[in-house]
Amino acid sequence: MGANSRLAVWAIFVLEYAVMVSAAPERTAYIKRNPLNLAVIVLSYPGLPAIFGLVRLARLARFLRLLSS
């Protein structure tokens with residue numbers, strides 16, 4: 001599955017969640033009652049592995065700077 005198709009599937013999930021929130025009579029209550037939907041959207045973001053890779057790289061740089069002090 002290519003990067004574009006992963007992004008397209010993720011965008012469909014985001015669109016579906018946005019429609020459900022906007023159609024709910026009480027938006028805040030809908031979000032509170034369905035936290036798993038929001039968690040799936042946030043945690044399945046296609047760019048998340050790259051972000052975690054940058055965080056690991058930053059931690060390595062900080063560690064190396066600590067060693068050189």
**Set 57, 48, 15: member being at pLDDT 95 or above and surrounded by 10 or more Cβ atoms within 10 Å (Cβ to Cβ)** = 15
**Asked** Scanning for something outside any helix (DSSP H, G or I) and in contact with a Lys or Arg (Cβ under 9 Å, 6 or more places away or on another chain), does region 45-63 turn up at least one residue?
**Response** yes
**Fill in**
Restricted to region 21-44 and to residues being open to solvent by less than 90 Å² (accessible area, probe 1.4 Å) and not in a helix (DSSP H, G or I), the residue farthest from residue 2 (Cα to Cα) is 24
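The values are calculated or read from the model by the stated rules, or taken from the named source; none is laboratory data. What you are looking at is a predicted structure, and each value in this text was computed from that prediction instead of being measured. For neighbour counting, all protein chains shown are included, and Cβ atoms are generated from backbone atoms with ideal geometry for every residue, glycine included. In case anyone asks, the SASA skips ligands and DNA or RNA and just uses the protein heavy atoms, side chains included. Shrake-Rupley method; radii C 1.70, N 1.55, O 1.52, S 1.80 Å.
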